[in-house]
Structures are given as structure tokens and as C-alpha cells.
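S.K.: Have a look at this one.
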Amino acid sequence: MRTKGIFFSLCSLSVVCLLALWGCASVTRLYPGPALPGDKIASLSFYEPIRVMSVDGNTGPFAYGTLQVLPGVHTISVKLFECNYNSGLCDSSETALTLTFDAVAGRFYSLGYSKSGNLWNAWIDETGSE
């Protein structure tokens, strides 16, 4: 009987954690006017440890999740922001990288990165379409 209660508690805790993490990601619309359907905009997703500091001169930082933009060329500034949750210490890259991409309506993009020692790089991949 006792293991059943522990299993139920662990399952409940897992569901709460997943919902909390899901709620952290957001969708930010970076164009004026009402929301447009997915086939009229492009979406750029990014998550920890990447931070988008600006898009086309509009300063952030923007919340992790998805940025929605109109089709066309966009310039974004990104930083690497890493935290060690055991020690509570966080570190950010000193300089931001500038990336430019030509967003196509109805397409999905994702920010990727790699790190080796103190060097890091970022890029934008097309990940799908509407």
C-alpha cells in the first residue's frame, strides 16, 4: 500500500513540474496590429541557455519560447546565459552575437548553439512549415 502512495505522489509532482515548465515558455508577437494566422507570419523558437537581447532594434531580453515576426529580413542579437542551479551562480557571454535571417511566412525556425570552452556560436535553422 505504501508504494502506491509514493508512486501517486511522484506522478503528481511530475505533472506539476511539467506544467510549470510549460508555463515558462511564451509566445511574443513582434509586429503591430492584431494576431495573424500562422501562414502569414514566421515563428522563431529558442530556449535556455540562449537569450534573445534584441530583434530589429527592439530591445529585450525576450522570454524563452517563440517570437512571431512578419516575413522579411530580421536581425537578432543573442547571448549565451548559463546558470549552475546547484551553486546559484549564473554567467552570461560578454558580447552578443548578431544573426540575420530571411523569415518566410508559414515557416518555423529554431535558434541553435554550440559551445567549446569559452567559445560559443549560434545559428538559425528552419525546422518546418505551417
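S.K.: Being farther than 23 Å from residue 34 by Cα, of a type in the set (Ser, Thr, Tyr) and in contact with a Leu (Cβ under 6 Å, 6 or more places away or on another chain), is that true of even one residue in the stretch 93-109?
M.R.: yes
S.K.: Being in a loop (DSSP other than H, G, I, E, B) and not hydrophobic (A, V, I, L, M, F, W, C) is the filter here; which residues of the stretch 48-70 pass it?
M.R.: Correct list: 48, 49, 56, 57, 60, 61, 64.
S.K.: Scanning the stretch 37-63 for residues that are under 14 Å from residue 109 (Cα atoms) and aromatic (Phe, Trp, Tyr), which turns out modelled with the lowest pLDDT?
M.R.: Out of the qualifying residues, it is 47.
S.K.: Scan the stretch 109-130 and give yes if some residue there is among the acidic types (Asp, Glu) and in contact with a helix residue (DSSP H, G or I) (Cβ under 8 Å, 6 or more places away or on another chain), otherwise no.
M.R.: Checking the stretch 109-130: at least one residue is among the acidic types (Asp, Glu) and in contact with a helix residue (DSSP H, G or I) (Cβ under 8 Å, 6 or more places away or on another chain).
S.K.: Have a look at 114, 87, 77 and point out the one that is part of a strand (DSSP E or B), surrounded by fewer than 18 Cβ atoms within 10 Å (Cβ to Cβ), on the phi < 0 side of the Ramachandran plot and hydroxyl-bearing (Ser, Thr, Tyr).
M.R.: Criteria check complete, one pass: 114.
The values are calculated or read from the model by the stated rules, or taken from the named source; none is laboratory data. Predicted model only: the values in this text are computed from it and were never measured. A quick note on method: Cβ atoms are made from the backbone with ideal geometry, for glycine too, and the neighbour counts reach across all protein chains shown.
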